[in-house]
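Structure record follows, encoded as structure tokens.
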Amino acid sequence: MGVPFDEETSDGRKCKTTVTMEGDDKIITNQIAQKSGEKDTKIIREFTDEGIKVQMICEDVTSVQFFTRV
């Protein structure tokens, strides 16, 4: 946690990725693109008794999904 590492994303971007935790229920992944012109992304995962809320942020666009526990 908190240590940057090299990653190739599923869409082929090479990123410097850092994963951190806020409290006991939130994991934040920051992917910084290494090639000029490619996008950085931030993924926030919040865990609750009901499920997982996932926010994926790229520039001014945010996608929010919720996965319910069964």
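The values are calculated or read from the model by the stated rules, or taken from the named source; none is laboratory data. None of the values given here were measured: they were computed from a predicted structure. Cβ: placed from backbone, ideal geometry, glycine included. Neighbour counts: every protein chain shown. Accessible surface areas use protein heavy atoms only, side chains included; no ligands, DNA or RNA. Shrake-Rupley method; radii C 1.70, N 1.55, O 1.52, S 1.80 Å.
Okay, residues lined up against (1) surrounded by 14 or more Cβ atoms within 10 Å (Cβ to Cβ); (2) of a type outside the set (Phe, Trp, Tyr):
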site: 3; (1), (2): no, yes
site: 8; (1), (2): no, yes
site: 30; (1), (2): yes, yes
site: 50; (1), (2): no, yes
site: 53; (1), (2): yes, yes
site: 66; (1), (2): no, no
site: 70; (1), (2): no, yes
Exercise for review: Only residues that are of a type in the set (D, E, K, R), touching a strand residue (DSSP E or B) at 6+ places or on another chain (Cβ under 6 Å) and closer than 20 Å to residue 3 by Cα: list them for the range 15-45, please.
Suggested key: 16, 25, 26, 40, 42, 45
Study note, to complete from the structure: Expected output for the range 1-30 (first residue closer than 18 Å to residue 47 by Cβ, partner among the aliphatic types (A, V, I, L, M) and surrounded by fewer than 10 Cβ atoms within 10 Å (Cβ to Cβ), Cβ below 9 Å, 6+ apart or cross-chain) is 19/1; 19/3; 20/1; 21/1; 27/1
Check your understanding: Restricting the search to the range 19-46, which residues are over 14 Å from residue 58 (Cα atoms) and in a loop (DSSP other than H, G, I, E, B)?
Key -> 23, 24, 25, 34, 35, 36
Check your understanding: Across the range 32-48, what is the number of residues that are under 30 Å from residue 70 (Cα atoms) and open to solvent by less than 70 Å² (accessible area, probe 1.4 Å)?
Key -> 5
Review point. Is there a residue being of a type in the set (A, V, I, L, M) and more than 30 Å from residue 70 (Cα to Cα) anywhere in the range 11-30?
Key: no
Review point. For residue 16, are the conditions met, namely being of a type in the set (D, E, K, R), assigned to a strand (DSSP E or B) and surrounded by 11 or more Cβ atoms within 10 Å (Cβ to Cβ)?
Key: yes
